1. Residues of the range 458-503 being open to solvent by less than 20 Å² (accessible area, probe 1.4 Å), farther than 24 Å from ARG743 by Cα and touching a strand residue (DSSP E or B) at 6+ places or on another chain (Cβ under 6 Å), which ones?
2. Look through GLY511, GLY472 and report the one residue that is farther than 16 Å from ASN550 by Cβ and at pLDDT 95 or above.
3. Would you confirm, using the coordinates I've provided, whether SER133 is without any contact (Cβ under 8 Å) to a residue 12 or more places away in the chain, more than 30 Å from GLU276 (Cα to Cα) and not acidic (Asp, Glu)?
4. Looking at (1) under 32 Å from the mean Cα position of the chain (by Cα); (2) open to solvent by 60 Å² or more (accessible area, probe 1.4 Å), can you tell me which one PHE193 breaks?
5. With respect to SER506, determine if the residue is touching a residue at least 12 places away in the same chain (Cβ under 8 Å), more than 22 Å from ILE760 (Cα to Cα) and open to solvent by less than 40 Å² (accessible area, probe 1.4 Å).
6. Mind listing whichever residues of the range 211-249 are within 23 Å of ARG84 (Cα to Cα) and surrounded by 15 or more Cβ atoms within 10 Å (Cβ to Cβ)?
7. Going by what's in this entry, would ALA755 be described as more than 41 Å from the chain's Cα centre (by Cα) and open to solvent by less than 50 Å² (accessible area, probe 1.4 Å)?
Amino acid sequence: KREPKDLSYTELQQESERRTFFAPLYAFAQRFLDTTGISADSVRYYASLVTFYTVYKLRRMNPGITRLYLLCFACHRFRQVNDRLIEAFIRLVNDYEQTARQAANEAAQNALTEASTHLKSAGEVLRLFVDESIPRHASFTSVRKRAFALLAPERFETVSQYLRNVTFDKAGFEWSHYTALSHAIKRNLRHLFAEMAVDGRAEDAPLLEAVAFLQTCLRSGTSLRQCKPSSFPTAFIPKTLKSHLYRPGPGPGKTKPLDVDRYEFLVYRLARNALEAGDVFCHDSNEFRRFEDDLISDARWRHKNAILKELNLPVLLAPIVQTLAELHDDIERLFERVNHHVDEGDDPYIKVRHRGGKPRLNLVYPEPDENVNHAFYGQIPSIDIARLLWFVTGRTGFLRAFTHVLDRYVKHEADPRELLACIIAMGTNMGLRKMAEISGLGYAGLVSCSRNYLRIETVHAANDAISNATAGLPAFHLFNIGDQIHSSSDGHRFETQFDTFQARHSPKYFGLDKGISANTAVANHVPFNLTVFGAHEHESHYVFDLLYNNTSDIRPQLHSTDTHGANQVNYWTLFTFGYQYAPRYRDFHKKLGSLVGAHAPSHYGQWFVKPSRKSNDELIIREWPAIQRIMASLGQKQVSQATIVRKLSSYKRQNQTKKALWELDSLCRTRHILRFINDVDLRRSIQKALNRGEAYHRLRRAVAFVNGGRLRVHTEAEQQLWNECARLIANAIIHYNTALLSRVHEQKRAAGDEAAMTFIAGMSPVAWRYVNLFGAMDFGAATTPVDIDALASYYADPEYWARMLQATADEEDEES
């Protein structure tokens, strides 16, 4: 069950031993589970039960059931181990490559500095040739002796190269540094590479031959230096690197010996490149298997029409020629409209400025007007978080989502006090032991409750219950942007106190420490979905995953991200599944060079904004059946959507289908960019949606205040669980605020106060200034219940309302 904590040799060696242990079990489990027809989701679920149960409990269960669970666990765990070991191999090769390149850059800089500092001495050496004081019959040895007195012999080569404008051989130094690193490379990479079962395509046969040769030597314990030089496969070595892999021969015409240490690392490096590109793959893996294995099988795809009708996606059912015609019509109309505004200058939000003699399009971004932690909430009585959660569960029933892990076999229900205490303990990073101290509840009871009831799926279901209840409140649709639900997603980084395999270094966010990223989707201020991944992974791979796997009732029509959420496939993927993707780019003017159109650039004459090339419609039409299969595989949830999106958006390997998919994405991106230029309301909407995501992050950070916001968990599952608990607390606070705003808005509407109604509609329910997250906690249900009507009645008093408006004005003055 144990997961590796980091990429250290000891941890990875233990993980390699687990792979060896699981291999025979996996071989049988795969055959057996294929026969039973158990779905991949069921296999993952049964595997999670083995993680939950102790060995003692497993032994007391029905032997047949236990063996089924264990086979599912073996199957799931073996693939997971392979993924982690391959990922570790790639990461370590990257580290060694980066170390060598950094050393080469430093050496080049040092050589340049050293040569420039000895130029004066070099000049003195050159003067020796015209020095009249030196006798004409003086021997070269004596002159050389004087020259070496001016400039040390070891400096001559560096200075002469500098004077001859010969660049420093960085590649040569880099490969020599690999020789210096060879001991560490062998120790840390050999055990990962030796048992890595990979396959590839026909064009990668030379590399696969070298991989097989090296693996055979490592498995048998044969030293590479003892192998015959002729036995080394060399067809895969690039011509540009041969000079670095072969040492100078003993004489002219002699065969140059191969540097086996450098040869070994070259195999590792090229294998890394091929794994990332998908040219080399591992069948017994989830992340690194062949891309075709991620798609709907050939047998099922024979019923293509039935699958497409079941998905009910109009874009996939319509002829591609029709879709392309509609896209081109929209794009051509938008090109004409944008250039009309630029030429006429009739749009005050579009400016053309000249920088360095070149015109540049500048767009004005009107600031959205929403205030987080509004003064509105500063006038109501404070409430502790336990009492607030009791109020929210009374309105939403979210505690009913916490079912026992044994489900129907358990007759008693959970103690709601313990459930709430566990949620707060995890969501605030407090931990169960500290919660037991401040709540008066027993630590053993809290541990038992958390093990039996708090799982990722139950906390997620509880979040859905709160989100759905909030979406049903009258004030929810007051937060619509442009008469539609406009969502956004963004990653939020959290430092981890303990190492896990998912926690990675990110100097920008964690300095020398490690952390993870939690990507949350927010719509009308409600956080309706969450996913957690490593800080080294790209946010854009999870955008579709967040939207399509949303199990709440909130269905956004428009979705925005910042630059990190965009890639080569997200526009088309979201368009296919009925979403409009509208990101905000940091360097927007640079994107104008990537526009495509129905015609060549010359067709558009002197237009300021025009396409840089014509779209390749023929390629799209030819590859359309393959694109349909990829999109249907995403819809059928055959594998993790993030895995497919990562492979599709990678620049590493480009086949014709991927190029066609990128062409479609370019068309959708062009249409968005032109809309973005032309529609100031769209720009305002995107900015407002992204600001709401940032506001949620501030609330989320305030909730998880203990331990400086650092996660105190030891496994990836716990990282996901604690983040879900924090989302639940934030979700409950937002529900409480939305419920209050709904009552006050109804009150003002009944009074006919239009100004007050507009004021409330422009407020944000993201506020926590009145919520007490600290101190002793009483989870007894006998505490005074919250009377939302009584709170709303405060705002019916004209004097109270006036004080609130004055406090709002004062806060705005302070901020400005």
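1. Matches in the range 458-503: SER487, SER488, SER489, GLY491, PHE494, THR496, ALA503.
2. Among GLY511, GLY472, only GLY472 is farther than 16 Å from ASN550 by Cβ and at pLDDT 95 or above.
3. yes
4. (2)
5. On the way: touching a residue at least 12 places away in the same chain (Cβ under 8 Å): yes; more than 22 Å from ILE760 (Cα to Cα): yes; open to solvent by less than 40 Å² (accessible area, probe 1.4 Å): yes.
Against the criterion (touching a residue at least 12 places away in the same chain (Cβ under 8 Å), more than 22 Å from ILE760 (Cα to Cα) and open to solvent by less than 40 Å² (accessible area, probe 1.4 Å)), SER506 qualifies.
6. If we filter the range 211-249 for residues that are within 23 Å of ARG84 (Cα to Cα), which is where we start, we get 211-212, 214-216, 218-219.
Within the range 211-249, VAL211, LEU214, GLN215, LEU218 meet the criteria.
7. Working: more than 41 Å from the chain's Cα centre (by Cα): yes; open to solvent by less than 50 Å² (accessible area, probe 1.4 Å): no.
No.
Conditions (1) over 26 Å from ASN655 (Cα atoms); (2) under 31 Å from the mean Cα position of the chain (by Cα); (3) of a type outside the set (Val, Ile, Thr); (4) assigned to a helix (DSSP H, G or I), marked per residue:
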residue: GLU292; (1), (2), (3), (4): no, yes, yes, yes
residue: GLU310; (1), (2), (3), (4): yes, yes, yes, yes
residue: GLU332; (1), (2), (3), (4): yes, no, yes, yes
residue: ASN339; (1), (2), (3), (4): yes, no, yes, yes
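The values are calculated or read from the model by the stated rules, or taken from the named source; none is laboratory data. Note that the coordinates shown come from a computational prediction; the quantities given were computed from them, not determined experimentally. Every residue, glycine as well, gets a Cβ built from its backbone with ideal geometry; the counts of neighbours run over all protein chains shown. When the accessible area is computed, the model is the full protein with side chains, heavy atoms only, and any ligands, DNA or RNA have been set aside. Shrake-Rupley method; radii C 1.70, N 1.55, O 1.52, S 1.80 Å.
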